[in-house]
Amino acid sequence: MRLRNRRDRRVAAALALGIALAVAAPLTAGASQPGRSPAAADPEAVGQYEIRSKSAPSERSAIAATGVSIDEVKPDKLVVSADRSQARELRTLGHELKPLPAPSREPSASAAKVFDFPSADAGYHNYAEATAEIDRLVAAHSAIMHKQVIGKSYEGRDIVAVKVSDNPASDEDEPEVLLTHHQHAREHLTVEMALYLLREFGDDYGKDSRITQAVAGREIWILPDLNPDGGEYDIATGSYRMWRKNTQPNRGSSHRGTDMNRNWDYRWGCCNGSSTSPRDDTYRGAAPESAPEVKVVADFVRGRVVDGKQQITAGIDFHTYSELVLWPYGFTTGDTAPGMTRDDRDAFAAVGRKMAASNGYKPMQSSDLYVTDGSIDDWLWGDQKVFGYTFEMYPSSNRDGGFYPPDEVIERETSRNRDAVLQLIESADCMYRSIGKEQQYCAD
Ligand code: GEM
Ligand code: CA
Ligand code: CA
Ligand code: ZN
């Protein structure tokens with residue numbers, strides 16, 4: 001349609017923006033409008049609150065059981081994401097809450113571009129930009145990279161697995177490693193972590209001996225974005241919404257979204273480590289794997305069982321924030337439990353501590369923070385016997401940007417994990433080597 005003059009062009013641009021903003025409209029009344037304190041915007045806007053307490057894991061788990069997400073744990077305080085009624089419930093439980101400022105960015109110089117990051121954070125990749133970067137890297141390094149679409153998100157976006165290995169089109173008898181990113185929408189730095197790893201493997205293969213050996217001796221699966229719908233929703237208005245879940249509707253509720261990291265089919269909903277309310281940030285979903293994105297990835301992992309043996313031996317699920325290396329189980333505070341022997345746990349801890357020594361994160365069992373049920377790392381180990389870790393990336397505090405650190409830190413905070421990731425890849429042929437029990441467990 002040719003536009004006759006400047007006025008028509010202005011009208012058309014306003015019309016286009018209006019349509020796009022309507023599409024980006026809040027999924028619930030509760031979507032927060034950034035830059036304003038949560039309560040003022042609307043009663044169900046999610047905001048962050050600081051709870052001062054020398055909380056023990058049991059008290060933190062009780063707080064998590066209210067359905068809020070715990071974003072930060074320090075010796076004398078917690079930071080949680082909650083809506084106003086959840087904040088009221090926590091106060092009723094006797095906690096003192098201090099509202100924290102919503103993530104604010106200078107308004108974009110141009111009109112807010114919908115479905116994109118604020119211009120100050122243009123270094124982050126939205127879904128289209130990340131897809132283009134992945135395709136560019138796979139094309140540039142086709143000798144060691146092969147991209148598969150393993151399924152679709154609720155809204156129909158591709159969920160992608162990039163295989164990094166020599167002879168990538170063949171399934172070779174090499175230990176496989178799973179790297180998953182972006183289960184939680186607002187944790188955008190984890191997508192940048194995946195893009196960093198693809199660039200690093202692509203650029204350094206054949207030049208850096210450690211990378212070359214890793215790529216030649218392993219089959220590394222990088223899944224850069226498990227929650228593309230949630231990620232796009234979080235930036236749909238051109239600023240940040242503090243969204244965590246996917247965007248799938250919930251029957252009988254006006255509140256959308258399942259917390260994908262409470263929807264995995266191991267001890268799902270067992271232990272008060274998730275919520276039964278669709279309104280909550282930690283809503284576990286209607287059933288295990290009810291989130292289409294979780295089922296897609298779980299089916300992919302199950303598909304890596306060849307002749308009865310799971311080819312994937314180890315993995316990392318990337319989150320933000322808090323700078324932690326976590327290992328299962330999250331559903332119980334016990335170091336060991338059915339399916340987790342003392343040797344299993346010691347191998348998890350030994351490799352976990354070495355990775356943490358490298359990236360400067362804090363290592364611990366995930367339930368030492370608070371109890372969760374239905375998390376990916378519990379499922380990876382409990383159901384598939386994959387040594388699955390959770391990395392909570394930068395920052396360690398809300399003061400350094402919380403879920404929305406400035407794009408200036410992307411290079412520094414993704415490359416910070418280079419050595420830790422290579423350590424896991426190098427240990428993936430026998431995790432028990434880390435506790436001197438290679439003969440007992442890896443002799444075959
Ligand atoms: C965590 S990540 C999982 C950590 N597991 C336990 N038991 N703490 C979550 O899913 O709540 C935090 C995050 O989402 O980053
Ligand atoms: Ca190979
Ligand atoms: Ca293989
Ligand atoms: Zn997360």
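The values are calculated or read from the model by the stated rules, or taken from the named source; none is laboratory data. On a predicted model such as this, the values are computed, not experimentally measured, just so you know. A quick note on method: Cβ atoms are made from the backbone with ideal geometry, for glycine too, and the neighbour counts reach across all protein chains shown. SASA here: full protein model, heavy atoms, side chains in, ligands and nucleic acids out. Shrake-Rupley method; radii C 1.70, N 1.55, O 1.52, S 1.80 Å.
Among the residues that make up region 180-203, is at least one of them over 24 Å from the mean Cα position of the chain (by Cα) and either within 16 Å of ligand 1 (Cβ to nearest atom) or not basic (Lys, Arg) (or both)? Yes, region 180-203 contains a residue that is over 24 Å from the mean Cα position of the chain (by Cα) and either within 16 Å of ligand 1 (Cβ to nearest atom) or not basic (Lys, Arg) (or both). Pairs meeting the criteria (first residue in region 310-330 and over 18 Å from Ala350 (Cα atoms) and within 16 Å of ligand 3 (Cβ to nearest atom), second residue open to solvent by less than 10 Å² (accessible area, probe 1.4 Å) and assigned to a strand (DSSP E or B), beta carbons under 7 Å, at least 6 apart or on different chains) are Gln311/Glu176; Ile312/Glu176; Ile312/Val177; Ile312/Leu178. Checked against (1) outside any loop (DSSP other than H, G, I, E, B); (2) of a type in the set (Asp, Glu); (3) more than 22 Å from the chain's Cα centre (by Cα), Glu133 passes all but condition (3).
The lone criterion from (1) more than 29 Å from Glu176 (Cβ to Cβ); (2) out of contact with any helix residue (DSSP H, G or I) (no Cβ under 8 Å at 6 or more places or on another chain); (3) open to solvent by 20 Å² or more (accessible area, probe 1.4 Å); (4) modelled with pLDDT of 95 or more left unmet by Val296 is number (1). When the criteria are applied in full, Ala128 meets the requirement of being among the hydrophobic types (A, V, I, L, M, F, W, C), out of contact with any Leu (no Cβ under 8 Å at 6 or more places or on another chain) and free of Cβ contacts under 8 Å to residues at least 40 places away in the same chain. Selection of region 279-293 for residues being charged (D, E, K, R) and either within 16 Å of ligand 4 (Cβ to nearest atom) or in a strand (DSSP E or B) (or both) yields Asp280, Asp281, Arg284, Glu293. Pairing residues of region 77-99 that are closer than 16 Å to Ala62 by Cβ with residues that are among the aromatic types (Phe, Trp, Tyr) and at pLDDT below 90, at Cβ distances under 6 Å and at least 6 apart in sequence or on separate chains, gives no pairs at all. Taking the criterion of being open to solvent by 10 Å² or more (accessible area, probe 1.4 Å) and over 24 Å from the mean Cα position of the chain (by Cα), the residues of region 204-242 that qualify are Asp204, Tyr205, Gly206, Lys207, Asp208, Ser209, Arg210, Thr212, Gln213, Ala216, Gly217. Of the residues making up region 200-238, those that are among the acidic types (Asp, Glu) and over 18 Å from Glu172 (Cα atoms) are Glu200, Asp203, Asp204, Asp208, Asp225, Asp229, Glu232, Asp234. The set of residues in region 320-337 being of a type in the set (Ser, Thr, Tyr) and either within 16 Å of ligand 2 (Cβ to nearest atom) or surrounded by 24 or more Cβ atoms within 10 Å (Cβ to Cβ) (or both) consists of Thr320, Tyr321, Tyr329. Cβ-Cβ contacts under 8 Å between residues 6 or more apart (or on different chains), taken from a first residue in region 421-439 that is over 17 Å from Phe391 (Cβ atoms) to a second residue that is of a type in the set (D, E, K, R) and open to solvent by less than 10 Å² (accessible area, probe 1.4 Å), are absent. Contact map, region 157-169: residues that are under 13 Å from Ile220 (Cα atoms) and away from ligand 4 (no atom under 16 Å from the Cβ) paired with residues that are of a type in the set (Lys, Arg) and open to solvent by 10 Å² or more (accessible area, probe 1.4 Å), Cβ distance under 8 Å, separation 6+ or inter-chain. Pairs shown: Ala161/Lys147; Val162/Lys147; Lys163/Lys147; Ser165/Arg218. What's the number of the condition His141 fails, among (1) open to solvent by 30 Å² or more (accessible area, probe 1.4 Å); (2) over 30 Å from Asp76 (Cβ atoms); (3) modelled with pLDDT under 95? Looking at each condition in turn, His141 falls short on (3). In this entry, Glu174 passes the filter for residues that are within 26 Å of Ala139 (Cα to Cα), surrounded by fewer than 21 Cβ atoms within 10 Å (Cβ to Cβ), within 16 Å of ligand 3 (Cβ to nearest atom) and modelled with pLDDT of 95 or more. From the list Gly382, Gly402, Gly352, the lone residue that is on the phi > 0 side of the Ramachandran plot and either in contact with a Phe, Trp or Tyr (Cβ under 9 Å, 6 or more places away or on another chain) or surrounded by fewer than 17 Cβ atoms within 10 Å (Cβ to Cβ) (or both) is Gly402. Residue count for region 239-265 satisfying the condition of being in contact with a helix residue (DSSP H, G or I) (Cβ under 7 Å, 6 or more places away or on another chain) and modelled with pLDDT under 95: 2.
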